[in-house]
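Novice: Starting off with a structure, shown below.
All of the numbers you see were taken from the coordinates with simple rules; none came from a lab. For clarity, every value in this text was computed on a predicted model and none was experimentally measured. Backbone-built Cβ (ideal geometry, glycine too); neighbour counts: all protein chains shown.
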Amino acid sequence: MPYYLVEPWGRDKYRQAGVLFTGNTVQEVYAELDRLVARLVEQGIDLAPFEWYVVDDGRRPVARPGAH
């Protein structure tokens, strides 16, 4: 099952969203999210305006493995 890193643009944050990255595992997508965040931090860009989610093929949010 594919997983997606998405950026919402509509009322439904998970379904009305642009796909930024597609991966085969949750871990792969969260690794990409971490890379994007690290790049922004490195460049001194404020993260506050960004809203990204990891979702499954049914566009349901997926928690980071090992997170509570």
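Novice: With a cut-off of at most 14 other beta carbons within 10 Å, and DSSP calling the residue loop, which chymotrypsin sites (Phe, Trp or Tyr not before Pro) in the chain qualify? Please list them.
Specialist: TRP9, PHE50
Novice: Only Cα pairs under 8 Å and at least 6 apart count here; give the relative contact order of region 3-54 as a rounded whole percent.
Specialist: RCO, region 3-54: 40 percent.
Novice: If you stretched the chain out fully between ASP12 and GLU51, how much longer would it get, using 0.36 nm times the residue separation minus the C-alpha to C-alpha distance?
Specialist: In short, 12.8 nm is gained.
Novice: How about the chain: which trypsin sites (Lys or Arg not before Pro) there lie in a loop by DSSP and see at most 10 other Cβ atoms within 10 Å?
Specialist: ARG11
Novice: Here is a further query. What would the Debye equation give as log₁₀ I(q)/I(0) for region 3-54 at q = 0.14, 0.18, 0.21 Å⁻¹, counting only Cα atoms as equal point scatterers?
Specialist: One equal scatterer on each Cα of region 3-54 leads to -0.36, -0.59, -0.76.
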